[in-house]
Every structure is written in C-alpha cells, then in structure tokens.
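Report on the structure given below.
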C-alpha cells in the first residue's frame with residue numbers, strides 16, 4: 001500500500017480536492033482526508049489495472065509496478081486494501097460531521113463504482129476485443145474511466161468547502177468532466193509521442209495493442225484540437241464560478257501543456 | 001457481480017445482520033441494505049480469494065468460480081465493484097440518516113480493511129510460505145480473515161436496531177468473534193472430512209497444500225473440542241444479552257453441527 005501510494009505521480013486528484021475546497025477561502029472542513037481518500041482510490045485502480053490479467057504493465061510512476069516489486073497476490077490485496085481504506089479514512093476523519101462523511105462516501109463510491117470508474121475499465125477491456133470501436137464507445141470509456149474520478153475530486157473538495165447540492169457543485173462536476181476528457185486525450189497523445197523515461201510508465205502501448213484512442217481516430221493534431229476544445233470549455237465553466245479561481249485556472253491550462 | 005452474488009451460499013452474514021437488528025423487536029432502521037452490503041464484501045473477498053494468484057479455485061458455491069465462468073479481468077473488476085458497491089448501498093439506503101450511514105461505513109471499512117479481513121488474508125498467504133506456523137499465527141488469521149466480518153455483521157445489525165456504542169454492542173462483537181472462530185474451525189474440519197459435492201467448493205485443499213489449520217495442529221477431535229468451546233462462550237455471551245435471543249441461539253448452535 002505504501003510502496004504504490006508513496007511513489008508519487010502528479011497527485012492531480014488530491015490537488016483538485018484541496019483547490020476546490022479553498023475556492024471560497026479557508027474551507028469549513030479540513031479537506032486533506034478527502035484528498036488522501038481520492039488518491040487511495042486512484043492508486044488502487046492503477047495497481048489493479050497494471051496486473052497481468054489487465055494491462056500487464058511493468059512500470060508505473062517510474063518504479064516497478066506493485067506485482068513486479070512484490071507478487072500478484074500482494075498487489076491484488078494492496079489494491080483491495082487501498083480501496084477499502086479510502087472509506088475508512090473518510091469516516092474516521094470526519095467522524096464529528098456525519099453529514100459530510102456520508103456525502104463524501106456516497107460521491108466517492110458512485111464515482112469509483114461499476115457505473116463509472118469500473119464500468120469504464122470494463123468497457124475498455126471489451127473495446128479491445130472489438131474490431132471497430134466507435135467514437136461514442138471511446139467517449140463512454142474516458143468519461144467513466146478517467147473523468148469520473150476528476151469530477152468527484154472537485155465535488156468532494158466543494159463539499160469540504162460547505163457547498164450544497166446545486167449550481168455550484170454542478171459546475172464543479174462539469175469542470176471535472178471537461179478537464180477529465182482533456183486530460184485523457186493528452187494522455188493518449190503522450191503515449192504516442194513521449195518516451196518511457198519522461199512518463200515513468202511504458203509508452204507506445206496503445207499503438208502496439210492497436211487500441212482505439214483519440215489519436216487513432218483523429219490523428220495527433222485532431223486529438224490535440226479536441227483536448228483544446230475541452231480545456232476551453234473547462235476554463236469557461238471555471239471562470240463563471242464564484243471565489244478565487246486563479247489557481248485552478250492555471251492548473252487546468254497547465255494540464256493541456258504537460259509533458260508527463 | 002450478479003453471477004457471484006446470486007450463487008447463494010449460506011448467507012450467514014446477512015442473516016446475522018437481520019437477527020441482531022431484530023433483537024429488540026422491530027428495528028429502528030431497515031437492516032436489509034446493511035445485510036446486502038456485508039454480503040457484497042464477503043462475495044468480493046471470495047471472488048478475489050479464488051483467483052489464480054491467490055487460492056486458484058475452480059468451484060465456489062457449487063458453480064464455476066467467477067474467473068472460470070468469465071475471465072480473470074472480469075472477476076477482478078467484479079470483486080472491486082462489489083467492494084465499492086457495499087459503501088454505495090449504505091450511503092444510498094441510509095441517506096436520510098447520516099449518523100447511521102457513517103457509522104455503518106466506518107465499521108464495515110475497518111472490518112474489511114488491511115488490519116482485519118485483508119490483513120488476515122495476507123498473513124494466511126505468508127503462513128503458507130512458513131515452515132512452522134504457530135497456533136498464534138493461526139489464531140490471528142482466523143480472527144481477522146473470518147471473525148472480523150462475522151463480528152461486523154452483528155454490530156451493523158445492532159446499529160440498525162439503534163444500539164449505541166457500549167456494553168450491548170461490545171457483547172455483539174464478542175459473540176461474533178467467538179462464533180467466527182468456531183465457524184472457521186468447522187470449515188477446516190469440513191475441508192478434511194466432507195466432499196466437494198456437499199460443500200460446493202473443492203475439499204482437501206488444506207491437506208494438499210500442507211496448510212496449517214486447527215485440524216493439522218490438534219487433529220479432528222481436538223479441533224472439534226475447540227469449536228465446541230468457542231461455541232459455548234458465544235452462547236454464554238448471547239444468553240446475557242437483552243431481547244429475544246432465541247433465533248440467534250439456534251443459529252449459533254446449528255453452525256457447530258453444519259454439514260456444509
């Protein structure tokens with residue numbers, strides 16, 4: 001659990017939790033436990049995704065994947081334990097505020113569940129067996145496999161900042177959706193154009209597996225334009241939000257230009 | 001998810017949730033969602049435990065295991081999704097009572113987490129590599145791998161019956177602990193003495209793997225006496241509880257005599 005969680009990575013999702021929580025100044029509730037919970041879920045999903053029966057990857061965040069460093073059973077259980085720990089930490093940390101704890105668990109379980117994160121992964125596996133996956137299928141995969149966890153990071157931050165269900169949280173969700181799709185397209189572009197040392201994970205996998213990605217469907221330039229469009233919508237949604245959006249604005253813009 | 005969840009089994013854990021909830025008459029909160037959540041966690045743990053990198057089992061609840069019926073990736077994701085769904089169903093079903101939802105999530109996450117259920121499974125894996133595992137190690141494994149989920153079933157039922165932290169919940173936890181250990185010893189005895197058709201899962205695995213069990217340490221008769229002792233303590237704890245304990249009394253006694 002520690003090995004994979006402490007390997008680093010961009011920590012984009014926990015940063016989004018903190019940034020959303022601080023939109024309206026000092027947050028009502030300390031968002032750090034929520035940020036850690038989100039990163040636990042993200043890390044578990046990477047550990048399981050890297051297993052031999054899934055993507056069978058050797059390298060992640062610049063280190064051997066968990067099953068390479070230890071063994072498959074340990075990696076499987078570490079993933080299970082990180083997933084479970086996310087819900088433990090939320091209910092432990094926010095024990096004095098059951099409304100918040102319960103709302104955070106609910107959002108996170110839905111985002112990480114069979115209709116979003118896991119649904120996207122399942123569809124991703126099935127698309128690999130498809131002769132001609134469609135753009136719709138690809139959109140479904142990215143919306144759920146990638147965007148769901150980015151949406152929920154912002155929403156959980158908003159909840160720590162005492163946002164109530166309504167237009168403000170809806171905007172954060174929309175922002176996360178657009179950022180998430182842009183993020184995944186950039187990931188696909190980097191897989192096609194970057195190198196393993198820079199990314200800290202194996203590149204060129206998509207082309208090797210003849211996987212349907214935005215790059216395969218629209219080419220590098222076309223994919224790039226899609227990423228720019230989704231980023232522009234994200235920034236537009238963000239700029240209409242109340243509060244100090246400067247940090248998030250810069251973060252969203254940076255994600256389009258990232259090299260890793 | 002449905003394939004494994006609907007395969008049946010004894011459904012002991014959800015029955016314990018319902019029985020504990022009804023100790024003091026009609027429960028304050030409908031315990032059925034809590035019962036389903038517990039069974040989701042139990043079923044996920046069986047799916048992952050049966051995977052090739054773990055126990056590599058072909059048969060469970062009288063059917064092919066999930067990875068045999070589908071494939072390893074599907075079984076992995078179905079397990080992940082059932083684990084996540086447990087927390088989703090608790091926060092969806094008890095959305096009107098955040099205190100209860102949060103307490104149930106907290107209990108369940110702790111019981112299923114790295115210090116209990118998963119800790120027990122990890123220790124179980126490591127004990128297999130040990131030349132001479134001790135009785136203490138075996139006790140640790142059973143207490144966490146098996147008893148934790150039986151304890152939490154009773155506690156979650158108690159919470160639905162509006163029990164507060166204190167002697168009553170402590171007694172339910174103690175009852176679950178003793179019942180859980182007795183249950184695991186009977187499991188070990190059945191693995192050594194029953195047949196695959198009756199149990200619906202492969203028998204003789206422990207002896208084949210030269211696994212340390214109560215049967216290996218104390219023989220069938222010695223193990224049987226241990227199971228009887230733990231059952232006697234469980235019944236003693238139960239009989240001191242307020243409320244109508246008749247059903248639970250019979251259930252605990254029956255578990256000692258079960259043939260599957």
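Since every read-out is calculated from the coordinates, none of them should be taken as a lab result. Keep in mind that this is a model prediction, so the values were computed, not measured. When we count neighbours, we look across all protein chains shown, and the Cβ atoms used for this are built from the backbone with ideal geometry, even at glycine.
Which of B:164, B:32, B:224 moves most in a GNM of chain B, Cα contacts under 10 Å?
For chain B, modelled as a Gaussian network with Cα springs under 10 Å, the answer is B:164.
Looking only at B:47, B:233, B:185, which one moves most when chain B is put into a Gaussian network model with springs between Cα atoms under 10 Å?
B:233
What is the distance in Å between the Cα centres of segment B:90-145 and segment A:210-230?
Between the Cα centre of segment B:90-145 and that of segment A:210-230, the gap is 44 Å.
Work out the FRET efficiency for residue A:195 and residue B:115 from their Cβ-Cβ distance, taking R0 = 56 Å, and round it to the nearest 0.05.
So the FRET efficiency works out to roughly 0.85.
For labels at residue B:251 and residue B:56 in the simple 7 Å Cα→Cβ model, what's the distance in nm?
Distance between the two pseudo-spin positions: 3.7 nm.
Using a label point 7 angstrom from Cα along Cα-to-C-beta, what distances in nm, from shortest up, separate residue A:99 from the other copies?
Spacings between copies for this position, smallest first, are 1.4 nm.
Name the residue, out of A:73, A:28, A:182, whose mean-square fluctuation peaks in a Gaussian network model built on chain A with Cα pairs under 10 Å.
Looking only at A:73, A:28, A:182, the largest GNM fluctuation is found for A:73.
By how many nm would the segment from residue B:132 to residue B:210 grow when fully extended, if each residue of separation counts as 0.36 nm and the alpha-carbon distance is taken off?
Details: separation 78, 0.36 × 78 = 28.08 nm, distance 1.07 nm.
Computed gain between residue B:132 and residue B:210 is 27.0 nm.
Expressed as a whole percent, how much of the Cα-Cα distance distribution for the protein assembly as shown exceeds 34 Å?
Roughly 40 percent, rounded to a whole number.
In terms of the Cα gyration tensor, with a ≥ b ≥ c the square roots of its eigenvalues, is chain A rounded because a/c is under 1.5, prolate because a/b exceeds b/c, or oblate?
On the way: a/c = 1.77, a/b = 1.21, b/c = 1.46.
Note, shape of chain A comes out oblate.
By the gyration tensor of its Cα atoms, with a ≥ b ≥ c the square roots of the eigenvalues, what is the shape of segment A:46-94: rounded for a/c under 1.5, prolate for a/b over b/c, or oblate?
Verdict is prolate for segment A:46-94.
Count, for each residue of A:63-72, the Cβ atoms from other chains sitting within 10 Å of its Cβ, then give me the mean as a whole number. Numbers along the way, then the final one.
On the way: counts 0, 0, 0, 0, 1, 0, 0, 0, 2, 4.
Mean shielding by partner chains, rounded to a whole number: 1.
Within 10 Å of each Cβ in peptide A:123-132, how many partner chain Cβ atoms are there on average? Round it to a whole number, please.
On the way: counts 0, 0, 4, 2, 0, 0, 0, 0, 0, 0.
Average neighbour count from other chains, rounded to a whole number: 1.
Quick one: label points 7 angstrom along Cα→Cβ at residue B:11, distances to the other copies in nm, smallest first?
With the label placed 7 Å along Cα→Cβ, residue B:11 yields 4.7 nm.
Going highest first, how would you order A:125-135, B:191-201 by mean Cβ packing within 10 Å?
Those peptides, ordered most packed to least, come out B:191-201, A:125-135.
What whole number of Å gives the distance from the Cα centroid of segment A:20-61 to the Cα centroid of segment A:243-260?
Taking the Cα centre of each part, segment A:243-260 and segment A:20-61 sit 18 Å apart.
Please give the FRET efficiency for residue B:6 paired with residue B:97, using the beta carbon to beta carbon distance and R0 = 30 Å, rounded to the nearest 0.05.
Numbers: r = 28 Å, r/R0 = 0.94.
The value I calculate is 0.60.
I want to check the label-to-label distance for residue B:164 and residue A:68. Put each point 7 Å from Cα in the C-beta direction and report it in nm to one decimal.
According to this spin-label approximation, the distance is 5.5 nm.
Tell me whether segment A:57-204 comes out rounded, prolate or oblate; compute the Cα gyration tensor, take square roots of the eigenvalues as a ≥ b ≥ c, and use a/c under 1.5 as the rounded threshold. List each step's numbers first, then the result.
On the way: a/c = 1.93, a/b = 1.33, b/c = 1.46.
Oblate shape, in that a/c is at least 1.5 and b/c is the bigger or equal ratio.
At 222 nm, what value in deg cm²/dmol follows for the protein assembly as shown if DSSP H runs of at least 4 each add -39500 (n - 2.57) and the sum is divided by all its residues, to the nearest 500?
Helix contribution divided over all residues of the protein assembly as shown: -21500 deg cm²/dmol.
For label points placed 7 Å from Cα toward Cβ, what is the shortest-first list of nm distances from residue B:221 to its copies?
Copy-to-copy label distances at residue B:221, shortest first: 8.7 nm.
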